[in-house]
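Novice: Sharing a structure below in C-alpha cells format, with a few things to ask.
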C-alpha cells in the first residue's frame, strides 16, 4: 500500500474506479460538487450503480477539489465529464480544471492518466500543455497516459473487473506504470501503440453504436410508412447469420450521443467532414420528435384527464435522467398539456400510496425497477378504464377489459 | 417426384437452388443467356461456386427462356438479377420478363415464388399485376410468394442447406406450399406475417452491412488524417465487448451496393428520404477513388516500367468481376498508364509460364486462389527489385532485399 492515487471526478466512471482501486492503493477521490461528496461520505451512490457494501474500504477518502490535501500523490486519474454545450461543441472546462489542479501537485515522477473521452490528440496537445505550463515541468518530464473508460451504466455484467482496459502513454515508463495500476482491477490490459490511437478507438466504439441505432430509427420510421411491425421485421432480419442485433432507441446519456461530436469537431480542425457521424447524430437527435408526435397523435384520439409518465431516465435500469430523451418527451408533454401530466420519478416514487385511479393514461418510457410493480398495480387496483402507452412496446402488458395498451 | 419446379434465372442464386431442389423434385432451369446454358449443360459453373459433382442429378434440365417446354409446372421460382442502371435506379426488366414468361403457364393451382431482391410491395404491386394481366387470372386466384435469397458468393459455410429461409405469401395456401418446397433443402424456414415484411427485411440486412462498411471506410480515411494505423485502431475497438467487427472495403457485387437503392427508390414514392442509406452509398461509391488516389500517390514516387494487377474480382475468393471496385481501379490504372498495366485474371492465369521479371510493380486487389502462389513465385524467381502494393494489406508478405511491400 505504498501508492497514493487521486481520482478527479467521482461520477459513474470515477466512483467505481476509486472504490475498486482502494482495495490495493490509498485512494483520494476529488469532486467539485459538495452535494455528491456528502452522498459519498454517507456511503451512498445516488445513481445506485454502486451498492453500499462496496463503500466498505478504509483506503478511500472523498474531498472537494478546493480542499488542500497534503498527501503525496503518485498517480492522478482524470475521470471528469466531457460533455457538449448547447451547440454540441465539446466543453472541456472540467478537463482543463482537472489538469490545472494536477499541475500544482505534479513532479517528474508521478503519473497522470486521462480516462475521460476526448478527441484524438487532446491528451498531448491540451492536457500535457496545460500541465507543463502550470507546473513549469518540461513536457518530456511529464508522464501522461490515456486509458479510455468503458463503464456502461445499468449493465451489471460489464463492470470494471470484467473489462479489457486500453492503456496508452507518452513514454514506455508511463505505460508501464499505468499497466501496473489497471492490472490489479481489470480482467485484461491492452497497450495501444500511441495515445491518439486509444483516443480515437474509444470514440469509434460509441460512434458505431450511435450509427447502428440511427439506422434502426430509420427502419422504425420506414416500417410506419409501409404499415409494418418493426419488431417483426427485425426478428426476420435476425434469422440471417450476420445480422447485427440493434434496436431503435432514444439515444441519451453521456457517451453515445456525445462522443461523436468530439470526433466531429476534431475532424473539422483537419478539414474533414464525417458524413456518417453527422447523419447518425441528426437522425438520433430528431427521432425524439418523431416519437413525441406519435404519442400526441394517439392522445389526440383519446379523451383523457390526467397522464402519469413513468421512466424518464436515459435508459433502462439507470437512475440518471441527465441528457435523457425520455425526459425530453415528458417535458414536451407538460408544455403541451399543462396541469395534465405528472411524473413518477423512480427515485422517490412510493408505489404503496399511489392512487391508480387519479390518472386515466399511463405512459411508460425507460424501464425501471418499479415499472412492473406499477403495471401490476394498475391491473389489480383500477376501478376505471385505463390507457397505457408503451414506448417501443418494451413492456409485456396483457390487455383486459379495463386496460388497453398502445405500443408506440 | 410429382412436382415440376421451374427456376427462372440460373445465376449464383438460381443454379444452387435448381441443383439442390433437383434432389427432391423435377427441376427445369431457365436462363436467357445461351452462353450460360451451354456451360451448365457441360456441368460447368463458370463462377466455380458449384463443383462439377453437384451437377450429377438427372432431375434437372436447362433451357432457354425462348424454348417451348410442354411440362406442367407446379411451381415457378424467380431468381433473376435485379440490378440498378447507370443512375442507380432499379432495373426490373428481368423480373418483368420472368413474370410474363410465367403468366403464359400460370393456372389457378400452381405457385409463383419470387426470390430476387425487390423493394417492399413489388411482389404484389408489380409481379402479381403483370401475371394477372397477362394470364387473365384474377389476382385472388394467383398464388404468389416472396422468399428472399441469402446466397453469399465465395462463402462456403453459408450455403442453402445451412440457411434460414424466410417465406411469405399472399394466402395461407401459398405459404404452406412454399414452405413444403424449402423445408426439403434448407435448415430452417421462418414464415413472415406478410409479403412486404419479407421484402423489407431482405434489404435491411444488406443495407446494414453497407452502412457499417461505409463507417469503416470513413474510419480508414480518418486514420490517414491522424497518421494512424487503422488496423491497430480496430484491434483496440474489438477489445470492447459490444464492438461489431466490420472492416473497410471496396463494396462491389450484386447485393450490398445494389439493394439499398431499391429501398431508396421505394421510399421516394412514399415521400421519404433515407439519410443513412444515401450517406452510406455515397461514401462507399466514393471510397474507390480514395483508394485509387492512394495507389497513384505511391506510384508517383516510384520509377516503374510495367505493373501487374492481380485480383480484380469483386471480393475475396469469388470469380465474378461484374460490379467490382477492384476492376474499376484496374481500368482507371490502364487509362492513367496506357501500355504499362497488365491484368492477371484468376480464370485464365497460367502461373507456370508467368515471367515475374517482365514487371517491376505488382498490385494485389481481392485475394484469389492463385494469389499466394504468385507471391511465392515473386519471392523465389525474381532477379530484380520488385514493389508490391497490397490493397488493405490483406496479404501477409514478408519483405526481403528484392521485394518491398506497401500496404494501402
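Novice: Quick check: pseudo-label points 7 Å beyond the Cα along Cα→Cβ at residue B:227 and residue B:136, how many nm apart are they?
Specialist: 7.8 nm
Novice: Give me the mean projected area, in nm² to one decimal, of the convex hull enclosing the Cα positions of region A:135-244.
Specialist: Working: hull surface 41.9 nm².
If I average the Cα hull's projected area over directions, I get 10.5 nm².
Novice: Sort region B:59-173 into rounded, prolate or oblate with this rule: let a ≥ b ≥ c be the square roots of the eigenvalues of the Cα gyration tensor; rounded if a/c is under 1.5, and if a/c is not under 1.5, prolate when a/b is larger than b/c, oblate otherwise. Could you put the intermediate results ahead of the total?
Specialist: On the way: a/c = 1.40, a/b = 1.27, b/c = 1.10.
Note, shape of region B:59-173 comes out rounded.
Novice: Mind telling me which of B:141, B:269, B:31 comes out most flexible in a GNM of chain B, alpha-carbon contacts under 10 Å?
Specialist: Taking springs between Cα atoms under 10 Å, the residue moving most is B:269.
Novice: Right, next: Wrap a convex hull around the Cα atoms of chain B, take a quarter of its surface area, and give that in square nanometres.
Specialist: Working: hull surface 89.8 nm².
In nm², the orientation-averaged hull projection of chain B is 22.4.
Novice: Next question, about the same structure. With an 8 Å cut-off on Cα pairs and a minimum separation of 6 or more residues, tell me the relative contact order of region B:286-342 in percent.
Specialist: On the way: 45 pairs, mean separation 19.4, N = 57.
Relative contact order comes out at 34 percent.
Novice: Under a 10 Å cutoff between Cα atoms, tell me which one of A:334, A:77, A:166 has the largest fluctuation in the Gaussian network model of chain A.
Specialist: A:334
Novice: What percent does the relative contact order of region B:202-286 come to when contacts are Cα pairs within less than 8 Å and at least six residues apart? Don't skip to the end; give the middle numbers.
Specialist: On the way: 70 pairs, mean separation 40.3, N = 85.
Averaging sequence separation for qualifying contacts and normalising by length gives 47 percent for region B:202-286.
Novice: Can you list the copy-to-copy distances for residue B:133, using a point 7 angstrom from Cα toward Cβ, in nanometres, shortest first?
Specialist: 7.2
Novice: Between residue B:408 and residue B:337, what's the calculated FRET efficiency when r is the beta-carbon distance and R0 is 22 Å? Round to 0.05.
Specialist: Values: r = 17 Å, r/R0 = 0.76.
The formula returns an efficiency of 0.85 here.
Novice: Would you kindly work out, in nm and rounded to one decimal, the distances from the label point of residue B:383 to those of the same position in each other copy, ordered shortest first, with label points 7 Å along Cα-to-Cβ?
Specialist: 10.4
Novice: With an 8 Å cut-off on Cα pairs and a minimum separation of 6 or more residues, tell me the relative contact order of chain A in percent. Walk me through the numbers before you get to the answer.
Specialist: Details: 706 pairs, mean separation 43.2, N = 408.
Contact order relative to length: 11 percent.
Novice: Quick one: of the DSSP bridges fully inside the protein assembly as shown, what percent are antiparallel, nearest 5? Mind dumping the intermediate values first?
Specialist: Details: 6 of 92 bridges.
Expressed as a percentage, antiparallel bridges in the protein assembly as shown total about 5.
Novice: Using the basic label-point model (7 angstrom from Cα toward the beta carbon), what is the residue A:157 to residue B:297 distance in nanometres?
Specialist: Label-label distance for residue A:157 and residue B:297, simple model: 4.2 nm.
Novice: Using only helices, what value at 222 nm comes out for chain A when you add -39,500 (n - 2.57) per DSSP H run of length 4 or more and divide by the total residues, to the nearest 500 deg cm²/dmol?
Specialist: Working: 11 runs with 148 residues, N = 408.
Rounded to the nearest 500, the figure is -11500 deg cm²/dmol.
Novice: Taking each residue in B:190-196, count the Cβ atoms of any other chain within 10 Å of its Cβ, then average. What number comes out? Numbers along the way, then the final one.
Specialist: Numbers: counts 4, 1, 6, 6, 5, 0, 5.
For peptide B:190-196, the averaged partner shielding equals 4.
Novice: Also, I was wondering about something else. Considering only DSSP beta bridges whose two residues both sit in region A:1-120, what percent are antiparallel, to the nearest 5?
Specialist: Details: 1 of 19 bridges.
Here the share of antiparallel DSSP bridges comes out near 5 percent.
Novice: So if each residue of separation counts as 0.36 nm, and I subtract the Cα-Cα distance between residue B:369 and residue B:66, what length gain in nm does that give? Don't skip to the end; give the middle numbers.
Specialist: Values: separation 303, 0.36 × 303 = 109.08 nm, distance 3.68 nm.
Value of the extension gain: 105.4 nm.
Novice: For chain A, modelled as a Gaussian network with Cα springs under 10 Å, which listed residue fluctuates most, A:270, A:58, A:396?
Specialist: For chain A, modelled as a Gaussian network with Cα springs under 10 Å, the answer is A:270.
Novice: Okay, next question. Quick check: the angle from helix B:172-185's long axis to the longest principal axis of chain B, C-alpha only, nearest 10 degrees?
Specialist: Approximately 50 degrees, to the nearest ten.
Novice: Estimate the FRET efficiency between residue B:398 and residue A:184 by the formula 1/(1 + (r/R0)^6), using the beta-carbon distance for r and 41 Å for R0, to the nearest 0.05.
Specialist: Values: r = 39 Å, r/R0 = 0.95.
So the FRET efficiency works out to roughly 0.60.
Novice: Let me ask another. Compute the acute angle (0 to 90°) between the alpha-carbon long axis of helix B:275-300 and the principal axis of greatest extent of the alpha-carbon atoms of chain B; round to the nearest 10°.
Specialist: 30 degrees
Novice: If you don't mind, there's one more thing I want to ask. Under 1.5 on a/c is rounded, so check that first for region B:339-408, then, if it is not, pick prolate when a/b is larger than b/c and oblate when it is not; a ≥ b ≥ c are the square roots of the alpha carbon gyration tensor eigenvalues.
Specialist: Values: a/c = 1.37, a/b = 1.09, b/c = 1.26.
Rounded is the answer for region B:339-408, as its axis ratio a/c remains below 1.5.
Novice: Would the protein assembly as shown count as rounded, prolate or oblate if I go by the C-alpha gyration tensor, calling it rounded below 1.5 in a/c and otherwise prolate when a/b exceeds b/c, oblate otherwise? It would help to have the intermediate numbers written out before the result.
Specialist: Working: a/c = 2.60, a/b = 1.26, b/c = 2.06.
Since a/c reaches 1.5 but b/c is at least a/b, the shape of the protein assembly as shown is classed as oblate.
Novice: Say a label goes 7 Å from Cα toward Cβ at residue A:357 in every copy; what distances in nm does this one have to the rest, shortest first?
Specialist: Counterpart label points of residue A:357 in the remaining copies fall at 10.1 nm.
Novice: Antiparallel as a % of all DSSP beta bridges within chain A, to the nearest 5? List each step's numbers first, then the result.
Specialist: Working: 3 of 46 bridges.
The antiparallel proportion sits near 5 percent.
Novice: Related question: Can you give the mean number of other chain Cβ atoms that lie within 10 Å of the Cβ atoms in peptide A:241-252?
Specialist: Working: counts 8, 9, 6, 8, 1, 3, 0, 0, 0, 0, 0, 0.
Whole-number average of other-chain Cβ neighbours for A:241-252 is 3.
Novice: OK, next. Which order do peptides B:15-24, A:167-176, A:289-298 fall in by mean Cβ count within 10 Å, highest first? Write out the running numbers ahead of the final one.
Specialist: Numbers: B:15-24: 22.9, A:167-176: 19.0, A:289-298: 15.7.
Top of the packing list down: B:15-24, A:167-176, A:289-298.
Novice: Between the alpha-carbon centers of region A:203-275 and region B:257-280, tell me the distance in whole angstrom.
Specialist: Cα centroid to Cα centroid, the span is 16 Å.
Values in this text are rule-based calculations from the coordinates and carry no lab data. Being a predicted model, the structure only gives us computed values, none of them experimental. Methodologically, a virtual Cβ is constructed for each residue, glycine included, from the backbone with ideal geometry; neighbour enumeration extends over all protein chains shown.
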